[in-house]
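*Asks:* Before anything else, here's the structure in question.
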Amino acid sequence: MNPLDDLYQDLLLEHKRRPRNYGRLQCAHHGATGHNPLCGDTVSLQVAERDGSVAEIAFEGEGCAICIASASLLTEAVKGRPVAAAKQLSAAMHELLTQQGPPQEAQQAALGKLAALQGVRRFPSRIKCAMLAWRALDQCLNAAAPASVDAEDGSHARVTS
Ligand code: ZN
């Protein structure tokens, strides 16, 4: 069965083909890398925070369509948002993918395009693929206040699913 065989597959495949905000930031405050050994996905996320908001965000990595599309949608969704709102979005994504029962309308409305990832719920082994970038985002946003502007500094965190 194809995990993307649902209503939203076009959107996800388009993000896989043409990922948004792909690359490295010149000036990142936080970085985290997530690995999902079950699928072989790796995603590195970088965040530059300004005035309590996610001013810049970029990712790079290799993975399945779900993993890359989720990371791409993530960057699009949180760029420019206050850090607190980005954290809420991450929590909402986690809930969407792990809750019992179908998502509520209000939930879907709050997630916007990200609701496209709900099809993954039918494939429990792929939920980690969809969550990988979000877990890296949590690591970035929960890190200490921006101190270093060196993208390669020692604060680079690692997440393992
Ligand atoms: Zn995967």
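*Asks:* Hey, can you grab everything whose amide H is under 5 Å from the amide H of residue 28? Only 5+ residues off in sequence or another chain; H modelled, so Pro and N-termini drop out.
*Replies:* 151
*Asks:* With charges only on Cβ, +1 for K and R and -1 for D and E, what is the dipole size of segment 31-92 about its Cα centre, in debye, rounded to 20? Spell out each step's value before the answer.
*Replies:* Values: 4 positive and 7 negative charges, 46 e Å.
It comes to approximately 220 debye.
*Asks:* Apply the Karplus curve 6.51 cos²θ - 1.76 cosθ + 1.60, θ = phi - 60°, to the phi angles in segment 44-50 and return the couplings in whole Hz, x for Gly and Pro.
*Replies:* 10, 10, 10, 10, 10, 9, 9
*Asks:* Leaving out ligands, DNA and RNA but keeping every protein chain, what accessible area does residue 87 have, in Å² rounded to the nearest 10, with a 1.4 Å probe?
*Replies:* 80
*Asks:* Please list 115-127, 63-75, 98-110 highest first by mean number of surrounding beta-carbon atoms within 10 Å per residue. The partial results should precede the final answer.
*Replies:* On the way: 115-127: 18.2, 63-75: 25.2, 98-110: 10.9.
Most protected by this proxy first, the peptides run 63-75, 115-127, 98-110.
*Asks:* Going highest first, how would you order 31-40, 132-141 by mean Cβ packing within 10 Å?
*Replies:* Details: 31-40: 19.0, 132-141: 25.3.
The packing order, highest mean first, is 132-141, 31-40.
*Asks:* On the accessible surface of segment 25-131, probed at 1.4 Å, how many percent belong to carbon and sulfur atoms?
*Replies:* It is 52 percent, rounded to a whole number.
The values are calculated or read from the model by the stated rules, or taken from the named source; none is laboratory data. None of these values were measured; they are calculated from a predicted model. Note that we place each Cβ from the backbone using ideal geometry, even for glycine, and neighbour counts take in every protein chain shown. Protein only, heavy atoms only, side chains kept; ligands, DNA and RNA dropped before computing areas. Shrake-Rupley method; radii C 1.70, N 1.55, O 1.52, S 1.80 Å.
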